Structure formats: C-alpha cells, structure tokens
Amino acid sequence: MVHHRFNTKEANPNPHINFITSLSAEGAPMEAARETLRALAAQVRPVMKKHGLEINSLEEYEHNNVFLGRNWNAGETVGELLKLPSCLSE
C-alpha cells in the first residue's frame, strides 16, 4: 500500500516515491547521500511511470557484505547502499 504525503516542504523529484531518507550522522542528515537518492528517484521516474510502479519509501542502508539493495514488502520500502565501508574509501 502506498501512502499519500501532504504538506511537503520541497518538491518531490518523483511522484511515484513518497519518502526519501538518508542515514543521519550525529543527528544531522547527510546532504550528499540525500541528494544522491533524490537524483536516483528522478532518473527512475520514466521507468516507474511506464510500468505503473510505486514505492512508499526510498532509503539509504548502512554498509554490509550481504546486499547492495533491498526491496521490502513488494516495494513498500526500497533500500540502497550508497557508501563504501570506511576501510575501503581511504
């Protein structure tokens, strides 16, 4: 089930995705990760429109060695890994 969002503070890059959230560091959201997720949402907009796909929440996940992305409950939540572990990014 896709929820409706009211009173948004900024324009949504993809009307087929309701919420876009990034991990927070020390209480503040990571702007670079959030902008990357918003850009990704804008890029997949034509594909989602063509195939009638909707996602309730597009989220960033912490790094792990098991997956790069996850689809929970048939698109209710889709999670993506955006960052390398700190030992690999140096």
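The values are calculated or read from the model by the stated rules, or taken from the named source; none is laboratory data. All of these numbers come straight from a predicted model, not from anything done at the bench. Note: ideal-geometry Cβ built from the backbone for every residue, glycine included; neighbour counts use all protein chains shown. We work out accessible area using only protein heavy atoms, side chains counted, and drop any ligands, DNA or RNA first. Shrake-Rupley method; radii C 1.70, N 1.55, O 1.52, S 1.80 Å.
Tell me which of these residue 46 doesn't satisfy, since it passes every other one: (1) exposed (fewer than 11 other Cβ atoms within 10 Å of the Cβ); (2) in contact (Cβ under 8 Å) with a residue 40 or more places away in the chain.
The number of the failed condition is (2).
So in segment 49-71, with the set limited to residues that are touching an Asp or Glu at 6+ places or on another chain (Cβ under 8 Å) and not small (Gly, Ala, Ser), which one is surrounded by the fewest Cβ atoms within 10 Å (Cβ to Cβ)?
68
So, residue 36, is that one at pLDDT below 85, within 17 Å of residue 14 (Cα to Cα) and hydroxyl-bearing (Ser, Thr, Tyr) or not?
No, not satisfied.
Of all residues in segment 33-43, count the ones that are open to solvent by less than 80 Å² (accessible area, probe 1.4 Å) and free of Cβ contacts under 8 Å to residues at least 40 places away in the same chain.
Result for segment 33-43: 5.
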